[in-house]
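All remarks here apply to the structure that follows.
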Amino acid sequence: MDGRNAVNLLDRHQGPDEPDTGTTSTTFAPRKAADIPDDMFINAVNQAIQTRRAKEGIAVTWATRWDVEAVLAGHPEQVGEVHDYPTMPSNLVLAKARKMILKGKLDGCYCGCRGDLRVP
Ligand SMILES: [Zn+2]
């Protein structure tokens, strides 16, 4: 096991159909992007990047949107994998990323691809 599933994380513009793992272990369950504070999102991106560096032993400078989902959902140990978190829906994290990118608080892509998210 190398901590990844079938998703090719090197192919930026091909996302998976999020598999449903039924994972849930957090009480933070935002209903809209605005429920996620900007600072929390930025911290999650930075934590996801640091976790990827530690797990993969390479100096990555960005996180995937799935990495950020894992951190926000309270599962930083699942950074580098792709899971569906009922309390942290993909489309909500993507909407938050879009707002942050348009505000210039985040670098990356919000088209629905891997994202390559990082704090500018
Ligand atoms: Zn994209």
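Below, the figures for the structure above:
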quantity	calculated
Conditions (1) touching a residue at least 40 places away in the same chain (Cβ under 8 Å); (2) charged (D, E, K, R); (3) crowded, with 21+ Cβ neighbours inside 10 Å; (4) in contact with a strand residue (DSSP E or B) (Cβ under 8 Å, 6 or more places away or on another chain); number of the one not met by Arg52	(1)
Evaluation of Ala59 against (1) away from the ligand (no atom under 16 Å from the Cβ); (2) touching a residue at least 40 places away in the same chain (Cβ under 8 Å) (one fails), failing number	(2)
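So that you can scan it fast, the table gives a plain yes or no per residue for (1) within 11 Å of the ligand (Cβ to nearest atom); (2) surrounded by fewer than 22 Cβ atoms within 10 Å (Cβ to Cβ); (3) modelled with pLDDT under 95; (4) of a type in the set (D, E, K, R):
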site	(1), (2), (3), (4)
Pro86	no, yes, yes, no
Leu92	no, yes, no, no
Ala95	no, yes, no, no
Lys103	no, yes, no, yes
Leu106	no, no, no, no
Cys109	yes, yes, no, no
Gly112	yes, yes, yes, no
Gly115	yes, no, no, no
Arg118	no, yes, no, yes
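The values are calculated or read from the model by the stated rules, or taken from the named source; none is laboratory data. The shown structure was predicted, so the numbers you read here are calculated from the model rather than taken from an experiment. Don't worry about glycine lacking a Cβ; one is built from the backbone with ideal geometry, like all the others, and counts go over all protein chains shown.
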